[in-house]
Amino acid sequence: MKLVTIIGARPQFVKASVVSKALREAGHTEILVNTGQHYDDNMAKIFFEEMAIPRPDYDLGVGSGTHAQQTAASMIGIEEILIKEHPDFLIVYGDTNATVAGALAAAKLHIKIVHIEAGLRSYNRQMPEEINRIVTDVISDYLMVPTQVAADNLKREGIDQGVHIVGDVMVDALRTYTLVAEQKSIILNQLKLEKDDFILMTIHRPSNADSNERLSEILRSVSGVGLPVVFPVHPRSKARVEALMGDVDGDIRLIEPVGYLDMMLLEKYSRMIITDSGGVQKEAYLHKTPCLTVRSETEWVETVSDGWNYLVGDNLDLIQELSQNFPKPKSWSNHYGDGNSSSQIVTLLAQSHSGQKD
């Protein structure tokens with residue numbers, strides 16, 4: 001079978017690395033399209049190199065812009081590719097503008113859509129990612145959901161056809177690349193960090209990063225945790241963060257964005273993670289690293305119910321309190337699969353394709 005895969009942002013590079021490998025090992029033809037939503041080399045190129053992701057067949061170079069600009073530019077480029085390549089399936093991941101752009105373009109051309117990581121809901125429509133998820137799920141033909149919770153979310157919305165619980169491809173990636181990271185990454189030595197003696201922070205969502213007042217409050221709260229705080233800064237936020245650091249005490253170490261291997265070690269060996277990223281929350285859980293989420297809701301509700309993740313919301317005082325006295329988690333469960341999600345997805349699609357031909 002022939003598939004077109006759409007990627008455009010760091011988490012999608014990670015997910016595609018394992019699914020693309022499974023597709024190609026099974027002898028299928030994959031056309032890889034990078035929309036270029038993450039246009040900074042440190043945020044894209046290094047991922048392709050570290051994870052041996054095949055070189056994209058098409059690179060649209062969409063870059064930055066408003067949500068409408070990114071989505072429209074991606075749709076135009078993807079439509080041209082789909083008309084030229086005429087694939088059996090289009091694969092999209094997660095909840096970015098590239099995701100919804102690919103799904104819309106394929107739907108109008110009557111190409112079967114595969115949404116990997118379907119069914120997630122924060123129930124906060126102020127988040128553009130939530131709109132992207134909902135729209136993509138409604139028009140997808142194959143909804144590859146990571147958990148029963150995600151399947152239940154879809155069922156409540158009247159979507160019960162084409163839903164497959166396959167686990168999370170991020171588990172496949174984490175199990176594969178954490179071992180590689182242990183052998184190759186020297187990030188702890190480079191930053192002079194000791195295991196379990198620092199905190200990792202990632203902040204990038206507009207609700208946190210685009211307001212000087214909000215971002216300043218976060219930085220001040222984090223400065224009181226009593227440990228070095230490693231903060232890989234998103235290029236979009238870099239100037240704002242640097243301008244605010246003059247008013248902040250404490251050991252907050254601003255660094256450039258890091259590759260996946262370095263990120264795996266930072267997540268695994270930090271005492272705690274402070275983040276507003278959905279993917280980092282889940283990776284924290286998989287590494288069994290306590291997490292504070294600077295949001296009022298999460299798509300990964302299992303991480304909260306098991307006690308590994310606390311939603312800070314607007315109560316930023318909790319950051320200092322919980323960083324020093326994090327309650328012992330109640331449990332840890334294998335919610336997200338056994339690390340064979342990629343092979344399950346490929347098998348399901350191959351079986352469906354064979355059935356369509358018969």
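At a glance:
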| quantity | calculated |
| --- | --- |
| Filter result (touching a helix residue (DSSP H, G or I) at 6+ places or on another chain (Cβ under 8 Å), among the charged types (D, E, K, R) and without any contact (Cβ under 8 Å) to a residue 40 or more places away in the chain) within region 285-318 | Asp306 |
| Given (1) within 30 Å of Leu179 (Cα to Cα); (2) out of contact with any Asp or Glu (no Cβ under 8 Å at 6 or more places or on another chain), number of the condition Pro54 does not satisfy | (2) |
| Some residue of region 93-101 being surrounded by 23 or more Cβ atoms within 10 Å (Cβ to Cβ), touching a residue at least 12 places away in the same chain (Cβ under 8 Å), among the polar types (S, T, N, Q) and touching a strand residue (DSSP E or B) at 6+ places or on another chain (Cβ under 7 Å) | yes |
| Helices (runs of 4 or more DSSP H) wholly inside region 1-111 that include at least 2 residues being within 25 Å of Glu283 (Cβ to Cβ) | 10-25, 45-50, 97-108 |
| Residue within region 115-130 that is part of a helix (DSSP H, G or I), aliphatic (A, V, I, L, M) and closer than 30 Å to Thr303 by Cα present | no |
| Helices (runs of 4 or more DSSP H) fully within region 258-345 counting 3 or more residues that are within 29 Å of Phe48 (Cβ to Cβ) and at pLDDT 95 or above | 260-269, 278-287 |
| Some residue of region 313-330 being closer than 21 Å to Asp196 by Cα and of a type in the set (Ser, Thr, Tyr) | yes |
| Output for region 106-141, where each listed residue is touching a strand residue (DSSP E or B) at 6+ places or on another chain (Cβ under 6 Å) and among the aliphatic types (A, V, I, L, M) | Ala106, Ile111, Ile113, Val114, Ile116, Ala118 |
| Residue list for region 78-136, filter: β-branched (Val, Ile, Thr) and under 14 Å from the mean Cα position of the chain (by Cα) | Val92, Thr96, Thr99, Ile116 |
| Counted residues, region 1-39 - those being more than 14 Å from Gly94 (Cα to Cα), among the aromatic types (Phe, Trp, Tyr) and buried (at least 21 other Cβ atoms within 10 Å of the Cβ) | 0 |
| Contacts under 8 angstrom Cβ, first residue in region 204-215 being touching a residue at least 60 places away in the same chain (Cβ under 8 Å) and buried (at least 18 other Cβ atoms within 10 Å of the Cβ), partner polar (S, T, N, Q) and part of a loop (DSSP other than H, G, I, E, B), 6 or more apart | His204/Ser277; Arg205/Ser277 |
| Count of residues meeting criterion [among the β-branched types (Val, Ile, Thr) and in contact with a Ser or Thr (Cβ under 6 Å, 6 or more places away or on another chain)] in region 72-121 | 5 |
| Which listed residue, of Ser305, Ser342, is assigned by TED's automatic domain parsing to the domain that holds Val163 and out of contact with any strand residue (DSSP E or B) (no Cβ under 8 Å at 6 or more places or on another chain) | Ser342 |
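Conditions (1) modelled with pLDDT of 95 or more; (2) outside the structural domain of Ser342 (by TED's automatic domain parsing); (3) buried (at least 17 other Cβ atoms within 10 Å of the Cβ), marked per residue:
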residue: Ser74; (1), (2), (3): yes, no, yes
residue: Ile78; (1), (2), (3): yes, no, yes
residue: Leu82; (1), (2), (3): yes, no, yes
residue: His115; (1), (2), (3): yes, no, yes
residue: Tyr123; (1), (2), (3): no, no, no
residue: Gln126; (1), (2), (3): no, no, no
residue: Val135; (1), (2), (3): yes, no, no
residue: Val138; (1), (2), (3): yes, no, no
residue: Gly162; (1), (2), (3): yes, no, yes
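To keep it simple, each residue is scored yes or no on (1) surrounded by fewer than 24 Cβ atoms within 10 Å (Cβ to Cβ); (2) out of contact with any Ser or Thr (no Cβ under 9 Å at 6 or more places or on another chain); (3) within 20 Å of Pro228 (Cα to Cα).
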{"site": "Pro257", "(1), (2), (3)": "yes, yes, yes"}
{"site": "Arg271", "(1), (2), (3)": "yes, no, yes"}
{"site": "Ile274", "(1), (2), (3)": "no, no, yes"}
{"site": "Gly279", "(1), (2), (3)": "yes, yes, no"}
{"site": "Ala284", "(1), (2), (3)": "no, no, yes"}
{"site": "Thr289", "(1), (2), (3)": "yes, no, yes"}
{"site": "Leu292", "(1), (2), (3)": "no, no, yes"}
{"site": "Thr298", "(1), (2), (3)": "yes, no, no"}
{"site": "Val304", "(1), (2), (3)": "yes, no, no"}
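The values are calculated or read from the model by the stated rules, or taken from the named source; none is laboratory data. It should be emphasised that the depicted structure is a prediction, and the values quoted were computed from it without experimental measurement. A quick note on method: Cβ atoms are made from the backbone with ideal geometry, for glycine too, and the neighbour counts reach across all protein chains shown.
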